[in-house]
Amino acid sequence: MPNKVIIHTDGACSGNPGPGGYGTVMQYGNHRQELSGGFRKTTNNRMELLAVIEGLQLLKRPCEVTVFSDSKYIVDAVNKGWARRWQANGWKRNRKEKALNPDLWAQLLDLLNAHTVNLQWVRGHAGNPGNERADALAVAASQSDGQAIDEGYEKQASIRQTGFQT
């Protein structure tokens, strides 16, 4: 029988793009772990994705996981099959439009293959204790000193500015 894990996630960004952070609250039985990280320049959607990725990466063996997120972007893209379709189409949403954040989507889809994951949407800032704590962690991380570089975002921004990939 697989281990059952509950994960609450949230991302925050001051400006979009701007300084950002993610927060993840994990529960396994009576054990609880909190994760967070901040980045000097990123987007809210990247932080939402990273919050889920960081939680799933901590799992050492296949688990039955319920992820609660206030991001329709993530929940709908996974539950409606959009992310897998973007991947199958070479990270394109349609003929002309590229999917955003393919680096993080690829990581998340690999992690989803390793576990049985049920993604549930929760309304943000609506009193859900797990979501509120994940939000507090994300906001604090977005305002912290010594933030990391979101290399995936900065590489994408560079490509958009120059028009070519190096």
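The values are calculated or read from the model by the stated rules, or taken from the named source; none is laboratory data. All figures in this text were calculated on a predicted structure; none of them were measured in a lab. Note: ideal-geometry Cβ built from the backbone for every residue, glycine included; neighbour counts use all protein chains shown. To get the accessible areas, we keep the full protein, side chains included, count just its heavy atoms, and leave off ligands, DNA and RNA. Shrake-Rupley method; radii C 1.70, N 1.55, O 1.52, S 1.80 Å.
Two tests apply to each whole DSSP H helix in the chain, Cα reach of 15 Å or more along its axis and mean Kyte-Doolittle hydropathy of at least -1.0, and the ones passing both are 44-57, 102-114, 129-142.
With the highest mean first, a sort of the peptides 118-129, 52-63 on other beta-carbon atoms found within 10 angstrom per residue produces 52-63, 118-129.
List the pairs from Lys4/Lys92; Lys72/Lys96; Lys4/Lys98; Lys4/Lys155 whose alpha-carbon separation is above 31 Å, in the order I gave them. Beyond 31 Å: Lys4/Lys92; Lys4/Lys98; Lys4/Lys155. Rg and Dmax of segment 11-138, based on Cα coordinates, read 14.4, 48 Å. Protein heavy-atom surface of the chain, 1.4 angstrom probe: 48% of the accessible area is carbon and sulfur, with nucleic acids and ligands not counted. Take 67-74, 31-38 and order them by the average number of nearby Cβ atoms within 10 Å per residue, most first; the result is 67-74, 31-38. With protein chains left intact and a 1.4 Å probe, residues in segment 90-164 average 63 Å² of accessible area per residue.
Sequence-distant contacts, meaning Cα pairs under 8 Å at least 6 residues apart, place the relative contact order of the chain at 33 percent.
Ordering Leu58, Ala134, Ala83 by the projection of their Cα atoms onto the charge dipole of segment 50-166, which places +1 on the Cβ of Lys and Arg and -1 on the Cβ of Asp and Glu, puts Ala83 at the extreme positive end. About its Cα centre, the dipole of the chain is roughly 680 debye, where the only charges are +1 on Lys and Arg Cβ and -1 on Asp and Glu Cβ. Between Asn89 and Thr66, the simple label model (points 7 Å from Cα in the Cβ direction) yields a spacing of 3.3 nm. Dividing the summed -39500 (n - 2.57) terms of all DSSP H runs of n ≥ 4 by the residue count of the chain sets its mean residue ellipticity at 222 nm at -12500 deg cm²/dmol. Run the paramagnetic zone check for Arg123: 7 angstrom along Cα to Cβ, then residues of segment 71-97 with backbone nitrogen under 15 Å. The answer is 71-72.
The share of Cα pairs per 10 Å bin across segment 28-100, counted from zero up to the longest distance, runs 15, 42, 33, 9, 1 percent.
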